[in-house]
Amino acid sequence: MAVRLVRRLALLALIWWIISGAATAWAWGLPVILVTALVIPSSGAARIRPLALLAFLPLTLWLALRGGMQVATLACTPHLDPAIRVIDHHWRHLPEGPGRLFMASLINLLPGTLTLRLTPDRLTVHVLQMDANTRPGLDRLEARIARLFAQDADLEKKEPR
């Protein structure tokens, strides 16, 4: 139990350091990290594969950068009309559980998107600029998150040798 808590604290502190980077943010970030580490459910199903996490971080940064540029373009171009849509993404890769919650939360962090509803069969998303890549992009993101949360036994079942 104590080892698991220490791992959570270390992971959350690393994430906080990456996101904030500022020394002053630790004054209120540390209490948030402590509370979060104590509140997170300790289900074995919520284990994240460390190597998959390292591979996933550049994708997350790219999505945030691309979304930010898209929102800035919309804000700075008065004649460009946003293609605002509310779409349903039906689950294909993620089983019910922490992976779906992670995806719904991640979408909220990306500029131009907002999770509206999370149900057992779909995720409803508000999209500021809908295009031909939006739906396939959500499907690819779900597949990447599924690899992030997959256990070794799950990977053996899905990947032929």
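Using the average count of surrounding beta-carbon atoms within 10 Å as a protection proxy, the listed peptides 68-81, 105-118, 131-144 rank, highest first, as 105-118, 131-144, 68-81. Rounded to the nearest 20 debye, the dipole size of the chain about its Cα centre is 360 debye, using +1 on the Cβ of Lys and Arg and -1 on the Cβ of Asp and Glu.
Can you list the DSSP H helices in the chain whose Cα atoms extend at least 27 Å along the helix axis and whose mean Kyte-Doolittle hydropathy is 1.0 or higher? Answer set is 50-76.
Given (1) -0.32, -0.82, -1.30; (2) -0.29, -0.86, -1.27; (3) -0.23, -0.68, -1.07 as candidate values of log10 I(q)/I(0) by the Debye sum over Cα atoms at q = 0.08, 0.14, 0.18 Å⁻¹, which corresponds to the one derived from the coordinates? Only one listed value fits the structure, namely (2). Anisotropy class assigned to the range 1-40 is prolate, per the alpha carbon gyration tensor with a/c at or over the 1.5 cut-off and a/b larger than b/c.
Each stretch of four or more DSSP H residues adds -39500 (n - 2.57); spread over every residue of the chain, this sum gives -19500 deg cm²/dmol at 222 nm.
Computed from the Cβ-Cβ distance with R0 of 25 Å, the FRET efficiency linking Asp121 to Thr60 stands at 0.50. Each Cα pair under 8 Å and six or more residues apart adds its separation to the average, and for the range 47-158 the resulting relative contact order is 35 percent.
Coordinate-derived values only; no laboratory data. Given the structure is predicted, the values throughout are model-derived calculations rather than measurements. Every residue, glycine among them, receives a Cβ derived from its backbone with ideal geometry; neighbour counts consider all protein chains shown.
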